[in-house]
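Presented below is the structure to which this report refers.
The values are calculated or read from the model by the stated rules, or taken from the named source; none is laboratory data. Predicted model only: the values in this text are computed from it and were never measured. No Cβ is skipped: glycine too gets one built from the backbone with ideal geometry, and neighbour counts run over all protein chains shown. For accessibility, only protein heavy atoms count, side chains too; no ligands or nucleic acids. Shrake-Rupley method; radii C 1.70, N 1.55, O 1.52, S 1.80 Å.
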Amino acid sequence: MPRVTNRKIADIFNEIADLLDIDGDNPFRVRAYRNAARTVLGYPREMADLVEEGFDLTSLRGIGRELAKKITEIVETGRLEYLEKLRKRHPPQLEALLKVPGLGPGRVRLLHELLHINSLEDLEKALRERKLEKVPGFGPKLIAKIENGIQTRRYEAHRFKLSEALPIAEWIVNILKKTKGAVHVEIAGSLRRRKETVHDIDLVAACEAQNDTMVYFLNLPKIQKIIMKGTTRSTILLENGMRVDLRVVPAESFGATLHHFTGSKAHNIALRKMAVEKGMKINEYGIWQGKKRIGGEKEEDIYDLFGMQYIEPEMRENRGEIARALEHTLPTLVTLAEIRGDLHMHTTYSDGLASIEEMAQQAKRLGYEYIAVTDHTEHLKVAHGMDEKRVRAQLEEIDALNEQLEGITILKSAEVDILEDGSLDMPNSILEALDLTVCSVHTKFSLSRQKQTARIIKAMEDPHFTILAHPTGRLIGLREPYDVNMEAVMGEAKARGCILELNAQPDRLDLNDIHCKMAKEMGVRIAISTDAHSLKDLELMRYGIWQARRGWLEKADVVNTLSLSALKKLLRTIKR
Ligand code: DGT
Ligand code: CA
Ligand code: ZN
């Protein structure tokens, strides 16, 4: 068990204070918990150490026998039974209400008692129905503050990674497809556009009038709460906090509804405007000329209306795709089937879970022609003869495997650190023996834009530099990209023939869609790689493909669509 920090103890006490306050409990008790939280947080030593030393906690300011016992329990078990009991008595969504600006425990209690508001959704509904105005003390100023607060909260609200939402959406779609009366069930929204993060799961179903689809939807396992319930539209909240929306429509309007709820909003608005200019109307129910429906059963109907090409969902962001579709010059987006190899992966030689041979066999099963093994060299120092020996051993093993294996070729590579001064963390004697390198920044993320850019460009000047791995270093929702002049980096890559990676790990997806499009426009080639650390990870390629498609990439832009011989030829042009 990780050691309990003072921060965690203080958080627990504050949460207790909030919940007691909502209950209208004795204000002195509430204040005692808040004071205790402050004492713990401000104390220079860790409570965990004090407990271990048998220190008398009651000697601390504001800590009596009861609170001392609770601190000991938290330190020893990592939890507090009393808090868990309190939580059970309160709707889990109440905590979210407390965080809305303008709402404290007292007001949350009032809303709970008078209007039965238990969640953000309830609060939004009450705002829409103008019920708050009747609550004592809720003047127009406070209501405006709450309304704004909710808006920003909604904006910042937790978004889910594509890889978290998609499997759940696919699971639900598969269940609903089998229900009586279901004709089509499809994922819509940002999830269908394969955005790297999504706010919710939007589903659209075409059903016969008599169907079981909605009933099954409302009875899915793992529902925390039904937010809205109707015959044509319902919204549920899953236990993991994801909202899922289902719309059920007749088959004749399925295309129009699917199109509408796939978005993006900007893409839809642009098309609707064009329809109006032609004296027609597009809405979620169909395409209309006056009161007459002239299409909408299929999504293609909408694009056919303007004589334009069908636009893939990944491109529907109003970033120029409509003009290109009208000209019939849309890119032919790269597909998973076109991928012939994976150029970034780790084996048991570093922190991977599978051997080189296992990775190669798995890649072959996925239909690939080649892989590059790119174990880390972070700890490889020139002086460490042993490490160099180990790399040599790996290269020999690869030679032996290439002799022995049929239908798959293993390229010799390594993930090489780019040091702060822009040099590559590996001796030339080894670099020379590799087929390609995957070079990455793993340290000094906070260098100035100018220094970071110069560092990467300097690294590219090394004749052994092949691919820039995860070029911005971001981790979605966890770490911002480092500050770098991407245009300058791409300019250098173009000049030297270096490749930029699109790392397919769902929490990286680095490059992002905008940068992919920029690379394409600048003539810089991309390698879509999984950075796999296990056999399963090799299947993450699809996430990279989707991101590439959002960035308009075609087969010709992606180096690992090349055959082995074409790739080798390309690598020779980079290695000067
Ligand atoms: P998200 O959920 O934030 O990840 O992104 P989306 O694009 O899934 O947005 P969402 O769930 O609010 O709405 C789904 C689609 O419905 C959206 O992409 C386009 C359509 N839509 C929503 N609101 C509007 C609107 O006010 N006007 C138009 N034309 N379409 C809208
Ligand atoms: Ca959505
Ligand atoms: Zn890696």
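Want the number for Lys389 to Glu403: 0.36 nm per residue separation, take away the alpha-carbon distance, what's left?
Details: separation 14, 0.36 × 14 = 5.04 nm, distance 2.13 nm.
Stretched out fully, the Lys389 to Glu403 stretch lengthens by 2.9 nm.
With a 1.4 Å probe and all protein chains left in place, how much accessible area per residue does region 144-232 have, in Å²?
Values: 4770 Å² over 89 residues.
Per residue, region 144-232 has an accessible area of 54 Å².
Give the calculated FRET efficiency between Asn26 and Glu539 to the nearest 0.05, with a Förster radius of 56 Å applied to their Cβ-Cβ distance. Show your work: numbers first, answer last.
Working: r = 56 Å, r/R0 = 1.01.
Efficiency computed from Cβ-Cβ geometry: 0.50.
Within region 1-57, report the trypsin sites (Lys or Arg not before Pro) that DSSP leaves as loop and that have at most 12 other Cβ atoms within 10 Å.
On the way: sites: Arg3, Arg7, Lys8, Arg29, Arg31, Arg34, Arg38, Arg45; in loops: Arg3, Arg45.
Counting only loop positions with at most 12 other Cβ atoms within 10 Å, the trypsin sites (Lys or Arg not before Pro) in region 1-57 are Arg3, Arg45.
Using R₀ = 22 Å, calculate the FRET efficiency as 1/(1 + (r/R₀)^6) where r is the Cβ-Cβ separation of Leu336 and Ala270; round to 0.05. Present the calculation step by step, with values, prior to reporting the outcome.
Values: r = 29 Å, r/R0 = 1.32.
That gives a FRET efficiency of 0.15.
Provide the gained length on full extension for the span Thr77 to Lys298, in nm with one decimal, where the gain is 0.36 nm per separating residue minus the Cα-Cα distance. Walk me through the numbers on the way to the answer.
Working: separation 221, 0.36 × 221 = 79.56 nm, distance 5.78 nm.
Using 0.36 nm per residue and subtracting the Cα-Cα distance, I get 73.8 nm.
Note the count of lysine pairs whose C-alpha atoms are less than 21 angstrom apart in region 158-249, limited to pairs 8 or more residues apart or on different chains. Don't jump to the answer; show the numbers that get you there.
Details: Lys161/Lys195; Lys161/Lys222; Lys177/Lys222; Lys177/Lys229; Lys178/Lys222; Lys178/Lys229; Lys180/Lys229.
Qualifying lysine pairs in region 158-249: 7.
Working from the pairwise distances between different alpha carbons, so that the mean of 1/r is found and then inverted, what is region 434-542's Kirkwood radius in Å?
Values: mean 1/r = 0.0709 Å⁻¹.
The answer is 14.1 Å.
Once both labels are modelled 7 Å past Cα along the beta-carbon direction, what's the Ile226-Gln289 spacing in nm?
That separation, rounded to one decimal, is 4.3 nm.
So for the chain, considering every pair of alpha-carbon atoms, how many percent are separated by more than 35 Å?
Values: 90620 of 165600 pairs.
In whole percent, the long-distance tail amounts to 55.
Based solely on C-alpha atoms, express the radius of gyration and the Dmax of region 478-544 in angstrom.
In Å, with Rg to one decimal and Dmax whole: 12.7, 36.
Give the Cα extents of region 336-575 along the principal axes, in whole Å, largest first.
46, 44, 35
Which residues does a label at Lys555 reach in region 314-336, if reach means a backbone N under 12 Å from a point 7 Å past the Cα toward the Cβ?
332-336
Using the C-alpha gyration tensor of region 266-330, what are the square roots of 5 times its eigenvalues, in whole angstrom, with the largest one first?
Details: eigenvalues 79, 26, 24 Å².
Result for region 266-330: semi-axes of 20, 11, 11 Å.
How large is the convex hull of the Cα atoms of region 111-192 per residue, expressed in Å³ as a whole number?
Numbers: hull volume 11.9 nm³, N = 82.
Dividing the Cα hull volume of region 111-192 by its residues yields 145 Å³.
Quick one: Debye curve from the C-alpha atoms of region 188-283, no solvent, what's log10 I(q)/I(0) at q = 0.13 Å⁻¹?
-0.52
Can you tell me which of 562-571, 533-542, 136-145 comes out highest on packing, and rank the rest after it, using the mean Cβ neighbours within 10 Å? Numbers along the way, then the final one.
Numbers: 562-571: 15.4, 533-542: 18.3, 136-145: 12.0.
Sorting 562-571, 533-542, 136-145 by mean packing, highest first, produces 533-542, 562-571, 136-145.
Rounded to the nearest Å, what's the spacing between the alpha carbon centres of region 388-427 and region 341-355? Just the number, please.
11 Å
So what does His260 come to for accessible area, using a 1.4 Å probe and Å² rounded to 10?
Around 50 Å² of this residue is reachable by solvent.
What are the chymotrypsin sites (Phe, Trp or Tyr not before Pro) within region 1-106 that DSSP puts in a loop, where the Cβ has at most 15 other Cβ atoms within 10 Å? List each step's numbers first, then the result.
Values: sites: Phe13, Phe28, Tyr33, Phe55, Tyr82; in loops: Phe55.
Taking region 1-106 and a limit of 15 other Cβ atoms within 10 Å, the loop chymotrypsin sites (Phe, Trp or Tyr not before Pro) found are Phe55.
When all alpha-carbon pairs of region 6-156 are counted, what percent fall beyond 20 Å? Walk me through the intermediate numbers first.
Values: 6041 of 11325 pairs.
When every Cα pair of region 6-156 is considered, 53 percent fall beyond 20 Å.
Please give the FRET efficiency for His90 paired with Glu46, using the beta carbon to beta carbon distance and R0 = 35 Å, rounded to the nearest 0.05. Mind dumping the intermediate values first?
Working: r = 30 Å, r/R0 = 0.85.
The value I calculate is 0.75.
Taking a 32 Å limit on the Cα-Cα distance, which of the listed pairs Lys69/Lys145; Lys364/Lys555; Lys99/Lys265 fall beyond it? Each step should come with its number before you reach the end.
Numbers: Lys69/Lys145 40 Å; Lys364/Lys555 20 Å; Lys99/Lys265 29 Å.
Checking Cα-Cα distances, Lys69/Lys145 exceed 32 Å.
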